[in-house]
Amino acid sequence: RPLINPDVQRFIGTRLGAILVLVVAGIFAIGNGLAARGNWGLVLRFIHGSSFGQNDPLFGHDVGFYVFTLPFISFLQSWLLNILILCLLGSAVIYVAAILPSIQQERRFPIPRPAQVHLTLLGFIIILTWAAGYWIQRYYLLYSSRGVAFGASYTDVHADLLALNVMTILTVVVALLLLLSIFRSKTWKFSIGLVILLLATNVVLRGFYPGLIQKYVVEPNEFSKEKPYIEYNIQATLDAYGLSNLETRTIVPDEEVTSSHIRNNSDTVKNIRLWDYSPLLRTFKQLQEIRSYYDFVDVDIDRYTFGDDYRQVILAPRELELRELQNPTWVNMHLEFTHGYGIVMNPVNEIGSSGLPVLWVKDIPPKISVPLTIDRPEIYYGEKPSSYVFVKTTVKEFDYPMGESNMRTTYQGKGGVSIGSIWRRLLFTASLGDTKILFTNVFTPESKILLYRNIRERLHHVAPFLLYDSDPYLTVLDGRLVWIQDAYTVTDRYPYSEPVSISGSTEFRKINYIRNSVKATVDAYDGSMAFYITDQDDPLIKTWSSIFEDLFRPMSEMPEIMKPHLRYPKGLFEIQSEIFRTYHMDDPNTFYNKEDVWEVSSRGDRTARLDAYYVIMRLNSEEKAEFMLISPFMPIGRDNMISWMAGRCDGENYGELLVYQFPKQKLIYGPSQIEALTDQNPEISAQLSLWSQRGSDVIRGHMLVIPVENALLYVQPLYLKAETSDLPELKRVIVSTGGRVVWGETLQIALQRLVGQYLPGEDK
């Protein structure tokens, strides 16, 4: 019986058969190309990679080799290996199909000499590529998690590295013997023997040997064996997270805050934040949403200078909520209701009548009681998920409600894409799947479509290689509303640096290097974007800016009115705090024993994290108060405070990190201990119980620790909310120092009770 149909045999040797082979090969080639296209950034980083100026301690390569070059080489090796194996299998299938007639007639398996040489050469290249994989794996030992610290450990260096070196050499020898078999046919037997040896060596050197070294050499002498690798890990981690130049100061705090402290630090006291974000956001929603189709997504904290008055404020943009439209027609969703309107702003420490915030900017159109101008209150681009809208059509846009009628407007910005022509309408109809775009008669030659109106989505489409902070904030700059978005350059390829997991990103899961190298801005009216480089020394942003030369601008081009509103990003600060709570221990023995690990918590049960918070305060070494981000630390498992860290935000000091450490021999109250003292205060405890029994919800704000010179002031706002209402009112302010706790209806009253003196000039 024939091994193959005769008709098939004849087809294989025809031109049509050759064309079929080419078509199949082309399909596989296109598939491989499509699979590789997602690595465009990896290739460009390799081509434009920059030097870090630091070498790894094991192989001596610049860190840039591991960040830019090694990922590309690994990708190339893996991609090439897959291609070569596919070529080998495809060639083998074609050759077998070609010699099937001979197999059928002669009952043997004759392989022509050219086919032997071809397949052998392919096998030789495949095995060499495989050997390159072993060689590359040596460098990935620097990301090992086997030892007591991240990075290559004693076992990795003395066992795994040896195994990979041996495997590389043996694999190259196998490849050479295979190549030699072209000229001496008997050497293939030696190749088979070496393959068996290769497999056995892999099992012994990579399977059993490292385990034996770890158990019988390292574990009985773990610290002495791992000490140099712990040192490598500590130094690399501090460098990678921007903590190596952090300034640490040791202070002995004063016993308590005095009246002179209060008087000498009036800028700090008058900017103590009494309004927590969550209660204030609920208050804004109740008082200032005006209509159901408006919404406050978030509140942002910033500082403004009004004359000589440097004030910390909270503001919130009033964005459009299309889901709340009473008549969600296509015209309303895409033509009439196109934008939000205005902001609400209040000082952080002032309390109005009935415990409500004092609003400096409010209502529609904006009513402003401070020296501030808002010429363009319309918000076309914001934080809310939003669909596309059309502007400059024959339909007037809804601007804001006014009496029995509504004010209407026509978009005057430069943002958007022209949609006036029939060809563009066809394209957008197909792209958006909205046939009404094609059939509506509202478009004019000047009509535009506004797309990607969520600011993070908008920035991500332009620069997807950056990691964006979860909290963009709105500023008022020269009459316009402008979003400022902190953007980070990150990688998980920094040798020996401890990785951290991050959330809220699909591109980045774990990182072990981060810099806040970019400040991005989005105009809330026209959507124009700008990317400013804030860290010229960051090799990652150097690389991206050389790839996209026209995208990034130097810091010198940032408008001067914007620079006073830059702030140390909370996302970066919290990652650095998480790292520093362990890596402040720069002594290897202390680190190994984990003797002095810190934590950040706000409750006695340590289940709630105390978020970092912005304050205006004056450092001991400075003459004036400045805006900064601070966070207190407690020893792990304890409630007393051991230190606090600050990220500076103003002027030439922007980006500096300071840590004030307290003596371990002295008790410094932590936030949860002050809360316990509050609960033990008879007056406060009795009143809280009474309020709770009368149908009110008592909401305790976050405990803020405010450094005032060398003393510490603890402040906690207290809100009341009726069970039938969602309008929290600030009813009391709890303050504490030196273990004493008092409260008052305002911060001024509470401080007077705390220091026992009237404080003139403190009216708020």
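The values are calculated or read from the model by the stated rules, or taken from the named source; none is laboratory data. Nothing here was measured: the structure is a model prediction, and the numbers come from that model. So basically every Cβ, Gly included, is an ideal-geometry build from the backbone, and we count neighbours across all protein chains shown. Side chains are part of the model used for accessible areas, which takes the heavy atoms of the whole protein and leaves out ligands, DNA and RNA. Shrake-Rupley method; radii C 1.70, N 1.55, O 1.52, S 1.80 Å.
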In degrees, nearest 10, range 0 to 90: what is the angle between the Cα axis of helix 277-288 and the longest Cα principal axis of the chain?
70 degrees
In whole Å, how far is the Cα centre of region 341-406 from that of region 628-677?
37 Å
If I compute solvent accessible area with a 1.4 Å probe over the protein chains, what percent of it on the chain is carbon and sulfur?
55 percent
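What net charge is computed for the residues neighbouring Asn39, neighbours being all others with C-beta under 14 Å from the C-beta of Asn39, Lys and Arg scored +1, Asp and Glu -1?
Its environment carries a net charge of +1.
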Top to bottom by accessible area (1.4 Å), largest first, where do Ser447, Ser387 land?
Ser387, Ser447
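Taking every DSSP beta bridge that has both residues in the chain, what percent is antiparallel when rounded to the nearest 5? The partial results should precede the final answer.
On the way: 94 of 104 bridges.
The antiparallel fraction comes to roughly 90 percent.
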Under the Karplus relation with 6.51, -1.76 and 1.60 and θ = phi - 60°, whole-Hz ³J(HN,Hα) for region 587-600, x at Gly and Pro, equal 7, x, 5, 4, 5, 4, 7, 6, 6, 9, 6, 9, 8, 10
Determine which lysines satisfy two conditions relative to Lys414: a Cα distance under 21 Å, and not lying fewer than 8 residues away in the same chain.
Lys392, Lys396, Lys448
With every protein chain present, what is the per residue accessible area of region 301-455 (1.4 Å probe, Å²)?
44 Å²
How much mean residue ellipticity at 222 nm does the chain get from its helices, if each DSSP H run of length 4 or more adds -39500 (n - 2.57) and you divide by all residues, to the nearest 500 deg cm²/dmol?
-11000 deg cm²/dmol
Ranked output for segments 679-687, 122-130 by mean other Cβ atoms within 10 Å, highest leading, reads 122-130, 679-687
Packing-ranked peptide list from 574-587, 540-553, highest mean Cβ count within 10 angstrom first, is 574-587, 540-553
Roughly speaking, what is the stretch gain from Phe439 to Ser689, that is 0.36 nm per residue apart minus the C-alpha to C-alpha distance, in nm to one decimal?
83.5 nm
Log10 I(q)/I(0) at q = 0.22, 0.25 Å⁻¹ for region 274-377, from Debye over equal alpha-carbon scatterers, is -1.18, -1.42
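Summing +1 for each Lys or Arg and -1 for each Asp or Glu, what net charge is found among the other residues whose Cβ lies under 13 Å from the Cβ of Glu557?
Value of the local net charge: +1.
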What are the ³J(HN,Hα) values, in whole Hz, obtained from phi via the Karplus relation 6.51 cos²θ - 1.76 cosθ + 1.60 with θ = phi - 60°, for each residue of region 684-693 in sequence order, with x given for Gly and Pro?
5, 4, 5, 5, 5, 5, 5, 4, 5, 7
Amide H to amide H under 5 Å from Tyr613: which residues, 5+ apart in sequence or cross-chain, H placed 1.01 Å off N in plane?
Ile630
Scalar couplings 3J(HN,Hα) for region 456-463 by Karplus 6.51 cos²θ - 1.76 cosθ + 1.60 (θ = phi - 60°), nearest whole Hz, x for Gly and Pro, are 5, 4, 5, 5, 5, 5, 8, 9
Length gained if Val117 through Ser224 is fully extended, taking 0.36 nm per residue and subtracting the Cα-Cα distance, is 33.1 nm
Compute the distribution of all C-alpha to C-alpha distances in region 275-330, in bins of 5 Å from 0, and list the percent of pairs in each, rounded to whole numbers.
4, 18, 22, 18, 14, 12, 6, 4, 2, 1, 0
Of Lys225/Lys666; Lys384/Lys731; Lys285/Lys384, those spanning more than 24 Å from alpha-carbon to alpha-carbon
Lys225/Lys666; Lys384/Lys731
Report, to two decimal places, the Cα Rg of region 363-471 normalised by 2.2 N^0.38 Å (N = number of residues).
1.28
So, in nm, how far is label Ile547 from label Arg700 when the simple model puts each one 7 Å beyond its Cα toward the Cβ?
4.9 nm
Stretch gain in nm, segment Asp375-Leu16, where the contour uses 0.36 nm per residue and the Cα spacing is subtracted
122.1 nm
Computed over the Cα atoms of the chain, what is the convex hull's projected area averaged over all directions, in nm²?
45.5 nm²
Can you give me the long-range amide H partners of Glu626? Hydrogens built in the peptide plane at 1.01 Å from N, cutoff under 5 Å, separation of 5 or more residues or another chain.
Met617, Arg618, Leu619
Taking a ≥ b ≥ c as the square roots of the Cα gyration tensor eigenvalues, with a/c under 1.5 meaning rounded and otherwise prolate when a/b beats b/c, else oblate, which class fits region 634-737?
oblate
Flagged as over-length at 31 Å C-alpha distance, from Lys519/Lys721; Lys215/Lys664; Lys570/Lys594; Lys362/Lys721; Lys436/Lys519, the pairs are Lys519/Lys721; Lys215/Lys664; Lys436/Lys519
Could you pull out the trypsin sites (Lys or Arg not before Pro) across region 163-239 that fall in loop regions by DSSP (anything but H, G, I, E, B) with no more than 14 other Cβ atoms inside 10 Å?
Arg184, Lys186
The Cα extents of region 309-423 along the principal axes, largest first and rounded to whole Å, are 56, 30, 26
